[in-house]
Structures are given as structure tokens and as C-alpha cells.
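Trainee: This is the structure, below, for whatever I ask next.
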Amino acid sequence: MSTLSKAAKFAERTSHLRASTIREMLKVTQQPDVISFGGGLPAPELFPIDAIAECTREVMDEYGAQALQYSVTEGIPEMREWVARRLTMRFNRSIDADAVVMVNGSQQGLDLIGKIYLDPGDHVVLEHPSYLGAIQAFDAYQARYLTVETDEDGMIPASLERVLASADPFPKFVYLIPNFQNPTGRTLAAERREEIVRICERYDIAIVEDDPYGELRFEGDHLPSLSSYATTGTIVYLGTGSKVMAPGLRVAWVVCDDEDVREKLVLAKQGADLHSGSLSQYLFHRFVSRTAQFASHLSEIVATYRKRRDVMLESLAEHMPGIVSFNRPAGGMFLWATVRGIDTAELLKVSAEQKVVFVPGVSFYPTRDVHDGMRLNFSNSSEEKTRVGIERLAHALRQYANLA
Ligand SMILES: Cc1ncc(COP(=O)(O)O)c(C=O)c1O
């Protein structure tokens with residue numbers, strides 16, 4: 001009788017899965033006295049609980065069984081039309097509801113993109129650093145990564161061009177987060193956006209534009225999405241309701257003009273979950289259809305996060321030693337700090353004992369070779385907690401680095 005070895009019982013691709021530092025760390029942060037700048041959680045006190053309760057009643061009265069029944073893979077028409085209208089305004093060009101596929105969180109969008117594009121060993125082009133959840137999703141398809149240099153203005157077009165010109169095998173797509181990037185909070189400069197679209201058009205490589213934070217702008221004008229530019233190339237855009245309403249609903253969307261891509265996405269999604277939750281989609285739609293209430297809800301989120309960012313910046317400036325430098329993101333939920341000469345994964349061990357945590361930057365580099373970065377989330381802690389947490393973190397750093 002032949003049997004399989006322990007390793008062979010599972011697919012080879014599972015050996016490429018790495019535990020997410022963030023998810024592991026979230027377990028530690030369940031303790032109430034730990035201040036966490038680690039997770040990427042929205043502020044729960046801003047969830048529109050009463051409105052969602054009312055919307056639930058309204059959806060049940062209006063749709064009843066239909067909201068509880070199996071539905072189509074592409075998503076409920078009401079949501080696809082809403083997304084198309086909103087993006088028509090944001091992209092400043094007409095988006096058709098047919099171009100929209102609803103997904104179960106944009107994280108599922110990333111997984112499906114991996115599923116339809118990646119064979120084992122295929123290359124994906126990423127910003128350096130990039131979103132850990134995307135790396136995890138692509139890891140499952142045994143991707144390899146080519147990294148493009150970034151600066152305070154996001155991906156550097158000349159570096160992208162160099163990477164594409166010398167890549168072998170040629171990569172399948174370029175993944176980037178142009179607005180208030182996770183993890184760095186950086187925004188891709190306006191003048192770089194069209195340049196990147198044109199480079200990708202020339203090399204005939206798809207762009208995956210992940211935009212969960214675009215609506216959370218604290219100051220300045222919204223910049224055009226990469227998807228705003230007319231192109232003969234393919235752009236797959238990802239948007240989500242997680243940061244503007246509630247992540248627990250898992251309402252998100254993939255938008256792409258290319259019918260072939262959509263067809264494959266829909267088939268891949270059918271195999272994964274048949275369709276995203278109908279009730280969540282109806283609820284989300286009902287809430288955003290209360291236009292004035294949704295607009296003021298969004299303004300409240302933006303105002304709250306702006307204030308929290310400011311408090312974090314003030315506290316960093318007040319308490320951190322000179323080896324720490326940090327940026328000032330114009331929106332989103334994260335800022336990025338570098339601690340000269342310090343391995344922040346080691347610092348985390350000391351800071352966790354002092355009951356404050358963050359995500360060490362190394363997690364966001366697929367090459368795992370940059371150790372002095374730190375992602376600080378400011379959306380999930382009150383102003384008071386932020387002040388106390390940053391003071392604790394500065395204390396832990398001084399102790400770890402033997403500074404006075
Ligand atoms: C860049 C980026 N993409 C995707 C996601 C996943 O979001 P969703 O809740 O829509 O799955 C996140 C969540 O933090 C993110 O930061």
C-alpha cells in the first residue's frame with residue numbers, strides 16, 4: 001500500500017503561504033491594555049450602526065426573500081449601477097455597470113486576480129514596499145516578485161521602465177496602490193500617473209490599481225485614478241466599502257473595461273463562492289442611497305482620521321529621538337516611520353512588553369531585506385490613546401537603542 005508523505009498530502013502551493021505578521025499580532029492586541037498601531041482597522045465607533053439597523057428593516061420590507069436567496073455572480077444590479085455612477089464621477093469618464101464585478105472584499109479581488117493571471121513562478125511587479133495582503137494572495141499562486149523603487153511620491157516611473165525592460169520572464173501585471181498607500185501612506189504624484197499608464201501600455205502589461213483609501217483624502221485635491229486615462233492597455237481597478245462603511249459587510253468591487261478579464265474573473269469567482277452575500281450588498285446599497293447621510297458619514301470619517309493623524313504627528317515630533325523620521329500622509333489610515341539603524345522587528349518585542357505595537361516594515365518587502373521601517377495606523381486609536389501610545393513607543397525605542 002502506498003501512502004503520501006506528510007508534505008505531499010497538501011498542494012505544493014501551500015508551502016508558499018506565510019503567516020501574516022499582522023494577523024498574528026492582532027491576537028496579542030486583543031488584550032485591552034495594549035495600544036495597537038498595528039492592524040489596519042477603521043474606527044468602530046464610526047460604524048453607522050443605527051442606520052444599518054434601519055436599512056436592514058427597509059431591505060427586508062422591500063426585497064424580503066430576494067435579499068436572502070442565491071444571486072448572480074456579478075453582483076446585484078443596484079450595487080453595480082451605484083459603483084458605475086460613482087466611478088464615472090471619480091474617473092471623469094463613463095463607466096458602464098457591466099464593467100463592475102462585486103467581490104467579497106477587495107482581498108477576494110486580489111485572490112481572483114492571482115487565480116486568473118498567475119502560473120507558478122510568474123512575476124508580479126510591486127511597489128517596494130507593498131501591501132502584505134496582496135503578497136499573501138499572490139504567494140498562494142506561487143508568484144515571484146519584481147520590485148520597483150519608490151520615493152515620497154510613490155512608484156518611480158523610470159524604475160518601472162527599467163524593471164520591465166529587463167524582466168525575464170516578462171511579468172503578468174503591475175500591482176500598485178496610488179492613494180495613501182498601505183503601508184507607507186504615500187500618494188503617487190499626479191504627473192507620474194499618466195506616465196505609468198503609458199509605460200504599461202507600451203509594454204502591454206496589465207495594471208492592477210488597488211484603491212481602498214482614495215475616498216479618505218484629508219487635504220488637497222483628489223488626483224486622477226490610473227483608470228481615468230483612456231488606454232489600449234488593461235487596468236483592473238479595485239474599490240471597497242470597507243473603509244467608507246464597514247469591513248464586516250465585505251462589499252467591494254472590481255472594475256475593468258476588458259470583457260475577457262471580467263469573464264475569467266466571474267468564472268473564477270463562481271468556483272470560489274458562487275456570489276458575494278446578497279444581503280450585504282442590499283444593505284450597503286440602501287445606506288449609500290441615503291445620499292446626504294452617506295456624504296456626512298464620509299466627512300465624519302475624514303475629519304476624525306485627519307485629527308488622529310495630526311495628533312500622531314504632534315506626538316511623534318514631541319517624543320521621538322532624532323533617529324526617527326516620518327511622513328505626513330494626506331489621507332488614508334497609515335503613516336510610515338523609519339528608525340535609522342534599528343531593526344524594528346526587534347524593537348517590536350520590547351515595545352510589546354510596554355504595551356504598544358506596530359507592524360515592522362520588513363513584512364511589506366517581499367525581499368525581506370529592509371529592516372528599519374515601521375507602519376503606524378492612526379485610524380483605530382482615539383487621540384488620547386495615540387498620545388499615550390506614541391509616548392510608550394518612544395520610551396521603548398530609547399530603551400532598546402540605549403539612548404538617553
Ligand atoms: C491596499 C489594500 N488592499 C486591499 C485591502 C483589503 O480590503 P477589503 O476589506 O476590501 O478586503 C486592504 C485592507 O486593508 C488594503 O489595505
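The values are calculated or read from the model by the stated rules, or taken from the named source; none is laboratory data. Quick caveat, the model's predicted, so the values are computed rather than measured. Every residue, glycine among them, receives a Cβ derived from its backbone with ideal geometry; neighbour counts consider all protein chains shown. All accessible areas refer to the heavy atoms of the entire protein, side chains included, with ligands and DNA or RNA removed. Shrake-Rupley method; radii C 1.70, N 1.55, O 1.52, S 1.80 Å.
Trainee: Please tell me if Leu87 is open to solvent by less than 40 Å² (accessible area, probe 1.4 Å) and modelled with pLDDT of 95 or more.
Mentor: For Leu87, the condition - open to solvent by less than 40 Å² (accessible area, probe 1.4 Å) and modelled with pLDDT of 95 or more - is met.
Trainee: Name the residue that is farthest from the chain's Cα centre (by Cα), counting only residues in segment 236-258 that are in contact (Cβ under 8 Å) with a residue 60 or more places away in the chain and open to solvent by 50 Å² or more (accessible area, probe 1.4 Å).
Mentor: Asp257
Trainee: If a residue must be in a loop (DSSP other than H, G, I, E, B) and within 16 Å of the ligand (Cβ to nearest atom), how many such residues does segment 195-223 contain?
Mentor: 6
Trainee: Is it true that Thr304 is outside the structural domain of Gly154 (by TED's automatic domain parsing) and assigned to a helix (DSSP H, G or I)?
Mentor: yes
Trainee: Criterion first (outside any loop (DSSP other than H, G, I, E, B), assigned by TED's automatic domain parsing to the domain that holds Leu188, touching a helix residue (DSSP H, G or I) at 6+ places or on another chain (Cβ under 8 Å) and more than 30 Å from Ile205 (Cβ to Cβ)) does Leu265 satisfy it?
Mentor: Spelling it out, it is not the case that Leu265 is outside any loop (DSSP other than H, G, I, E, B), assigned by TED's automatic domain parsing to the domain that holds Leu188, touching a helix residue (DSSP H, G or I) at 6+ places or on another chain (Cβ under 8 Å) and more than 30 Å from Ile205 (Cβ to Cβ).
Trainee: Further question on the same structure: Sort out which residues of segment 117-156 are more than 15 Å from the ligand (Cβ to nearest atom) and open to solvent by 50 Å² or more (accessible area, probe 1.4 Å), and write them in order of number.
Mentor: If the condition is that a residue be more than 15 Å from the ligand (Cβ to nearest atom) and open to solvent by 50 Å² or more (accessible area, probe 1.4 Å), then Asp119, Pro120, Arg144, Glu149, Asp151, Glu152, Asp153 are the ones that fit.
Trainee: Look at Val244 and say whether it is assigned by TED's automatic domain parsing to the domain that holds Leu110, assigned to a loop (DSSP other than H, G, I, E, B), closer than 26 Å to Ser94 by Cβ and within 16 Å of the ligand (Cβ to nearest atom).
Mentor: yes
Trainee: Just to be sure I understand the filter: pairs with C-beta atoms under 7 Å, separated by 6 or more residues or on different chains, first member in segment 122-140 and under 14 Å from Asp210 (Cα atoms), second member in a helix (DSSP H, G or I) and open to solvent by 10 Å² or more (accessible area, probe 1.4 Å). Which pairs pass?
Mentor: Close Cβ pairs (under 7 Å, with a partner that is in a helix (DSSP H, G or I) and open to solvent by 10 Å² or more (accessible area, probe 1.4 Å)) amount to Val125/Val163; Leu132/Ile22; Gly133/Gln107; Ala137/Gln107; Ala137/Asp111.
Trainee: Of all residues in segment 99-110 being surrounded by fewer than 24 Cβ atoms within 10 Å (Cβ to Cβ) and over 13 Å from the mean Cα position of the chain (by Cα), which is nearest to the ligand (Cβ to nearest atom)?
Mentor: In this case the residue turns out to be Asn104.
Trainee: Within segment 203-226, take every residue that is of a type in the set (Ser, Thr, Tyr) and within 17 Å of Val83 (Cα to Cα) and give me the one that is surrounded by the fewest Cβ atoms within 10 Å (Cβ to Cβ).
Mentor: Ser225
Trainee: May I pose another question? Tell me which of these Leu347 doesn't satisfy, since it passes every other one: (1) out of contact with any Ser or Thr (no Cβ under 8 Å at 6 or more places or on another chain); (2) in a loop (DSSP other than H, G, I, E, B); (3) touching a residue at least 24 places away in the same chain (Cβ under 8 Å).
Mentor: Looking at each condition in turn, Leu347 falls short on (2).
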